[in-house]
1. Under a 1.4 Å probe, what is the accessible area of the chain per residue, stated in Å²?
2. Could you state the number of Å between the C-alpha centres of the range 139-201 and the range 56-116?
3. Counting other Cβ atoms within 10 Å of each Cβ, which trypsin sites (Lys or Arg not before Pro) in the range 124-178 have at most 13 and sit in a DSSP loop?
4. Report, to the nearest whole %, how much of the accessible area of the chain belongs to carbon and sulfur atoms, 1.4 Å probe, protein only.
5. Under the Karplus relation 6.51 cos²θ - 1.76 cosθ + 1.60, θ = phi - 60°, what is the ordered set of whole-Hz ³J(HN,Hα) values for the range 179-195, x standing for Gly and Pro?
6. Mind listing the long-range amide H neighbours of ILE189? Cut-off is under 5 Å, sequence gap 5 or more, other chains count too, H placed in the peptide plane at 1.01 Å from N.
7. Which one of PRO132, SER176, LEU216 is farthest out on the positive end of the charge dipole of the chain, using unit charges on Cβ (Lys, Arg +1; Asp, Glu -1) and the Cα centre as origin?
Amino acid sequence: MKSLAKTIGLITFVLLLTNLINAQNQQYLVQQDQVKPSMQVEYEKTLKEFIEDCKKNNLQGTNWTTARMSDGKYLYISPIEKMADLDRNWFAPLSEKMGKENLQKYWDKFDKCYDKNGNYTVSLVKDLSYMPNGLTTNTVGQDFRKYHFFYVTPSNAKNMAQEFKAIKTIFEKKKSKEHYRIYRSGFGIIGEYYLVVLSSKDEQSYAVTSDENNILLGEEWQKAFDQLMLFTDKYETVSGMMRPDLSYVTKK
């Protein structure tokens with residue numbers, strides 16, 4: 001959480017280019033903490049106390065939803081309207097209300113819980129995502145997440161996007177009940193990727209739906225997936241859970 005409060009230098013050509021590319025898609029700032037296994041209980045305890053102080057002091061202008069991944073990463077996901085939002089000191093109002101020393105105590109507690117953390121941006125790619133009932137990240141009752149990372153070289157990025165479009169067409173034609181969102185990596189990431197995120201009630205429900213979907217889509221889907229993999233530099237999957245109890249969302 002600490003590095004969200006730091007000023008990030010943004011006036012670079014890369015950021016300007018990223019802003020143009022993602023202009024039509026919702027962008028998110030992601031704060032990632034790689035928490036030590038032995039410190040996860042202490043980390044969550046501190047985070048819940050921190051959230052209570054945010055509520056007590058009515059912190060405004062800052063929202064995040066939290067996900068915990070199976071490899072020990074905690075992700076804090078905040079929508080942003082423009083890249084310049086990253087220049088803002090997100091917790092300045094909180095520092096003013098509770099005092100710099102008291103806020104620093106929280107940063108010190110968090111620091112003990114991890115050795116690695118950082119920030120990056122991702123963009124929700126609307127035209128590649130498949131959610132026929134309405135595109136949303138708020139999947140009520142479906143807090144389980146399955147993340148599929150398709151890493152791609154710059155020369156193959158356009159080809160990969162075309163393959164995702166072909167896959168979406170198959171899902172639409174077959175009226176698949178397995179819905180997904182696709183994100184594109186942005187600023188702060190070493191190596192490009194497309195991220196496919198699926199929501200479900202739990203891991204067992206995800207596995208059942210996935211098996212049923214494979215049968216529904218048949219050989220056409222398998223061929224399309226094989227074609228996608230031709231442009232994939234590296235493929236990884238990881239599970240996770242959304243954590244509403246570790247999130248902080250205020251009304252606008």
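1. Details: 13640 Å² over 252 residues.
Per-residue value: 54 Å².
2. 27
3. Values: sites: LYS126, ARG145, LYS146, LYS158, LYS165, LYS168, LYS173, LYS174, LYS175, LYS177; in loops: LYS175, LYS177.
Here the trypsin sites (Lys or Arg not before Pro) that fit, given the DSSP loop and packing criteria, are LYS175, LYS177.
4. Numbers: 7240 of 13640 Å².
Answer for the chain: carbon and sulfur cover 53 percent of the accessible area.
5. Values per residue, Gly and Pro as x: 9, 8, 10, 10, 10, 10, 5, x, 5, x, 9, 8, x, 7, 8, 9, 10 Hz.
6. Amide H neighbours of ILE189: THR121.
7. PRO132
The values are calculated or read from the model by the stated rules, or taken from the named source; none is laboratory data. Given the structure is predicted, the values throughout are model-derived calculations rather than measurements. For neighbour counting, all protein chains shown are included, and Cβ atoms are generated from backbone atoms with ideal geometry for every residue, glycine included. When the accessible area is computed, the model is the full protein with side chains, heavy atoms only, and any ligands, DNA or RNA have been set aside. Shrake-Rupley method; radii C 1.70, N 1.55, O 1.52, S 1.80 Å.
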